[in-house]
Amino acid sequence: MKPKSVDEGIAIEIIWDDVDLKMIVVDAANGRFRAHAEAYVGPGELGRIAEAIAGFPSGQKDVREVVVGTARLRFFCREETLGHAMVEVKCAGGTDEYPELAHFFLAIETGAVEEFVRQLRAVGERKEKPAILRAGREP
């Protein structure tokens, strides 16, 4: 099954599952750049991600990092823009001979993070739909 993509934001979706193992896909895009990562994880991974970012941002110095396979998502606030929330996206892939790297940023709203956490918890262990973090204002 091909995962659904997102135009601007981050989508996390379970595309295959078994009792002890799941395959999840992380798709991220900021309108100019796109990244895709796949990972095999154990049960409860979407709940772990939800717990890691729940309540973000708790202040201007709040930084959270989520690693899913080769995808790294770092949630932080930009000091120079009065604490606007951002996500730094890094995805690696390819081979030693032909390495691939996507690295870009997304501006997000606090309410969008709360909704993303709610969706991650609601999807839980099922694979009916992706959890989507919608990107917000311009960085």
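Pairing residues of segment 115-132 that are closer than 9 Å to Leu46 by Cα and at pLDDT below 70 with residues that are assigned to a loop (DSSP other than H, G, I, E, B) and open to solvent by 40 Å² or more (accessible area, probe 1.4 Å), at Cβ distances under 7 Å and at least 6 apart in sequence or on separate chains, gives Glu125/Pro43. Against the numbered list (1) open to solvent by 20 Å² or more (accessible area, probe 1.4 Å); (2) modelled with pLDDT under 95, Lys90 comes up short only at (2).
Arg32 - would you say it is charged (D, E, K, R), within 15 Å of Ile10 (Cα to Cα) and either assigned to a strand (DSSP E or B) or at pLDDT below 95 (or both)? Judged against the criteria, Arg32 is a match. Pairing each residue of segment 21-44 that is within 15 Å of Leu101 (Cβ to Cβ) and open to solvent by 20 Å² or more (accessible area, probe 1.4 Å) with any residue that is among the hydroxyl-bearing types (Ser, Thr, Tyr) and part of a loop (DSSP other than H, G, I, E, B), provided the two are 6+ apart or on different chains, yields C-beta distances under 9 Å for Arg34/Ser5; His36/Ser5. Assess whether Glu97 counts as being at pLDDT 90 or above and either buried (at least 16 other Cβ atoms within 10 Å of the Cβ) or farther than 18 Å from Pro130 by Cα (or both). So Glu97 passes the test. Criterion applied to Gly83, Gly55 was being farther than 17 Å from Ile132 by Cβ and modelled with pLDDT of 90 or more, and the one residue passing it is Gly55.
The values are calculated or read from the model by the stated rules, or taken from the named source; none is laboratory data. The shown structure was predicted, so the numbers you read here are calculated from the model rather than taken from an experiment. Note that each Cβ is placed from the backbone with ideal geometry, even for glycine, and that neighbours are counted across all protein chains shown. These accessible areas exclude ligands, DNA and RNA; they are computed on the full protein's heavy atoms, side chains included. Shrake-Rupley method; radii C 1.70, N 1.55, O 1.52, S 1.80 Å.
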